[in-house]
Protein chains: 2
Amino acid sequence: MSSSKLLKGSLATIVLKLLEENEKMYGYEITQRVKEITAGEFKITEGALYPTLHKLEAEGMLSTETQKVDNRIRKYYSLTKEGNAEAQTKVAELEEFLLNLQKLLNPKLGMG
Amino acid sequence: MSSSKLLKGSLATIVLKLLEENEKMYGYEITQRVKEITAGEFKITEGALYPTLHKLEAEGMLSTETQKVDNRIRKYYSLTKEGNAEAQTKVAELEEFLLNLQKLLNPKLGMG
DNA sequence: AAGTATACATAATTTTCTTATGCATAAGAA
DNA sequence: TTCTTATGCATAAGAAAATTATGTATACTT
């Protein structure tokens, strides 16, 4: 994630969330989808994305399937059953985290 | 920040924001304030906080002033003029970032 | 022919934490 | 009175997660 080196540690969660919604996606597609959703503000770098995908796969969260399209290889990733559970957990954790961050950034919210 | 190694990269912004609201604070006070605001969910470690404060000071964002209270030393930090501007910028960037993250986590928001 | 887009991957480096350690005083519990 | 917890600072070693740079390869556009 480029954008400005903010948030390190949310990339895996973003990937899991996208796969939760999409059944299967390949790496390049993920970078483009994120760029699209954030109107170009998040640019996920390959140097961050691929190691993250490989790690999630190694942990059993993702399964893969390669396809050849137009003579180019696409490696599709899908959530495993375990990956699905992990997606739920990670997204919930991140949302919780964001709520707390917002309390810090907007003190008035903390008073309610 | 303990809590779960989420968000790396937001600590300096949090510190700047707190100092924007408080005139002056010392390190230990910052850890306690964050803990209080987040109901114990963020625990800022000294190993993260002090180097961050030192760095911000070295960059001219913070000025310091030591006081002895009850025989214990407190090192108070305040925003410099430059630090005040930096606080504005960093907070705005983080908020922007959070909005984008929320679009990713809650796709329905992205469609509006 | 050169540049951009698509598509994967890895290595070196940097940033930013966590964990561990160290020093020191004060207050409360056992 | 001794041990633990709280207050208060600081730094060093190690880990985690990015960035940046590099490499390979095909396809499309200028």
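The values are calculated or read from the model by the stated rules, or taken from the named source; none is laboratory data. Since the structure is predicted, the reported quantities are computational estimates derived from the model, not experimental observations. Glycine also receives a Cβ, built like all others from the backbone with ideal geometry; neighbour counts cover every protein chain displayed. Side chains included, ligands, DNA and RNA excluded: accessible areas come from the protein's heavy atoms. Shrake-Rupley method; radii C 1.70, N 1.55, O 1.52, S 1.80 Å.
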Within the range A:69-87, work out how many residues are in contact (Cβ under 8 Å) with a residue 60 or more places away in the chain and surrounded by fewer than 16 Cβ atoms within 10 Å (Cβ to Cβ). 1
Only one residue in B:52, B:66 is at pLDDT 95 or above, open to solvent by 90 Å² or more (accessible area, probe 1.4 Å) and not in a loop (DSSP other than H, G, I, E, B). Which one? B:66
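What about residue B:57, is it farther than 30 Å from residue A:18 by Cβ, in contact (Cβ under 8 Å) with a residue 12 or more places away in the chain, outside any helix (DSSP H, G or I) and within 16 Å of DNA strand D (Cβ to nearest atom)?
Numbers: farther than 30 Å from residue A:18 by Cβ: yes; in contact (Cβ under 8 Å) with a residue 12 or more places away in the chain: yes; outside any helix (DSSP H, G or I): no; within 16 Å of DNA strand D (Cβ to nearest atom): yes.
The answer is no for residue B:57.
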In the range A:46-63, the residues that are within 8 Å of DNA strand C (Cβ to nearest atom) and either of a type in the set (Lys, Arg) or over 12 Å from the mean Cα position of the chain (by Cα) (or both): A:46, A:47, A:51, A:54
Only one residue in B:60, B:40, B:27 is more than 25 Å from residue A:14 (Cβ to Cβ), within 14 Å of another protein chain (Cβ to nearest Cβ), open to solvent by less than 80 Å² (accessible area, probe 1.4 Å) and small (Gly, Ala, Ser), so which one is that? B:40
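Just one of A:12, A:85 is within 30 Å of residue B:11 (Cα to Cα), away from chain B (no Cβ under 11 Å) and either more than 11 Å from DNA strand C (Cβ to nearest atom) or part of a helix (DSSP H, G or I) (or both); which is it? Working first, answer last.
Values: A:12 fails: away from chain B (no Cβ under 11 Å).
Every option except A:85 fails the conditions.
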For residue B:107, which of the numbered conditions (1) open to solvent by 60 Å² or more (accessible area, probe 1.4 Å); (2) within 11 Å of chain A (Cβ to nearest Cβ) fails to hold? (1)
